[in-house]
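The values are calculated or read from the model by the stated rules, or taken from the named source; none is laboratory data. None of the values given here were measured: they were computed from a predicted structure. All Cβ positions, even for glycine, are placed from backbone atoms using ideal geometry, and neighbour counts span all protein chains on display. Only protein heavy atoms, including side chains, enter the accessible area calculation; ligands, DNA and RNA are left aside. Shrake-Rupley method; radii C 1.70, N 1.55, O 1.52, S 1.80 Å.
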Amino acid sequence: VRIVRAMLALAEEALKDGKTTHILFATESCIPIGTLAEVARRVVVDEDSGKLNWDRSFVDAYGRDSSRCTRFDERNCWDVLTRSVPSDAICKALPGWCLLSRRHVEGVLGIPQSLGQDLWPAFEDAWAPEEVYFPTCLSLLGYMTGGNVVKEPLTYAEWNERAKDHRDRAHPLEFDGCFERDEAFLRSIKRDGCMFLRKVKRPIPTRLWEDVVLGRHSSGGGDFGNVNSVAGRKRHRDDTEYQHFQEGSSRYERRRT
């Protein structure tokens, strides 16, 4: 539960900056596979309406009635937490490293004031509490059904589902070498909406990372996730869209205040 407390402290500190619109939780082994403009577009632009929505969060969560819920989940998450939290409000996110909007973070941080006590101690005996705490808080606040929580991951990760011991399944697979040898894989997960990759543990040369993310010389002559492969035009487009993102952030700040 120390990770949960650290994430809460990080979120509280981040919100001290009035320009903070979203918080992405990540580890040292997470790496972006999209540009800032592409990430911003994925996060705040509604695919159906094309309108900006600054309140959207991305939490790939599921409940006890989901086919994703295993017996291990039931024993080590739901059975543990039902002593303090209604069973139908408990949710788990995989990966647990999600992205939350300012509005949703403010709601989560306000729970202790509403309850008169901290909620995190109830998660001390839960397995990987950081995967359960935030989606459960969003559920308790009523946000999971409001349409502003996108139940899709922004961070791509895989687990060894064939491991005999469930504890061995808790460690994500490593993708070292994919930037050098498997750009097609990176393009595919990016087309699926993921903008970050976990786990990458070995250092990657900055130039190689830039070339792959910007699609400067993608294998097979194609571009990387429909990114303009002409570097000059790509940088101009990124600068323009980032400016729009900053302007939107300023509008968001004025609206919130």
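What the table below lists for this structure:
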{"item": "Cβ pairs under 6 Å, 6+ apart, first in region 186-206 and touching a residue at least 12 places away in the same chain (Cβ under 8 Å), second assigned to a strand (DSSP E or B) and open to solvent by 20 Å² or more (accessible area, probe 1.4 Å)", "result": "ILE189/TYR156; CYS194/TYR156; PHE196/CYS30; PHE196/PRO32; LEU197/ILE31; LEU197/TYR156; ARG198/CYS30; VAL200/ILE31"}
{"item": "Condition met for LEU109 (in contact with a Ser or Thr (Cβ under 8 Å, 6 or more places away or on another chain) and either at pLDDT 95 or above or surrounded by fewer than 16 Cβ atoms within 10 Å (Cβ to Cβ) (or both))", "result": "no"}
{"item": "Matching residues, region 16-63, being among the charged types (D, E, K, R), open to solvent by 30 Å² or more (accessible area, probe 1.4 Å) and farther than 28 Å from CYS178 by Cα", "result": "LYS16, ASP17, LYS19, ASP46, GLU47, ASP48, LYS51"}
{"item": "Answer residue from region 158-202, given it is among the small types (Gly, Ala, Ser) and out of contact with any Lys or Arg (no Cβ under 6 Å at 6 or more places or on another chain) and is modelled with the lowest pLDDT among those", "result": "ALA170"}
{"item": "Tally of residues being assigned to a loop (DSSP other than H, G, I, E, B) and either at pLDDT 95 or above or over 30 Å from PHE175 (Cα atoms) (or both) across region 125-150", "result": "11"}
{"item": "Filter result for VAL80 (touching a strand residue (DSSP E or B) at 6+ places or on another chain (Cβ under 9 Å), in a helix (DSSP H, G or I), among the aliphatic types (A, V, I, L, M) and buried (at least 17 other Cβ atoms within 10 Å of the Cβ))", "result": "no"}
{"item": "Selection status of SER66, closer than 21 Å to ILE3 by Cα, outside any helix (DSSP H, G or I), open to solvent by 30 Å² or more (accessible area, probe 1.4 Å) and of a type outside the set (Phe, Trp, Tyr)", "result": "no"}
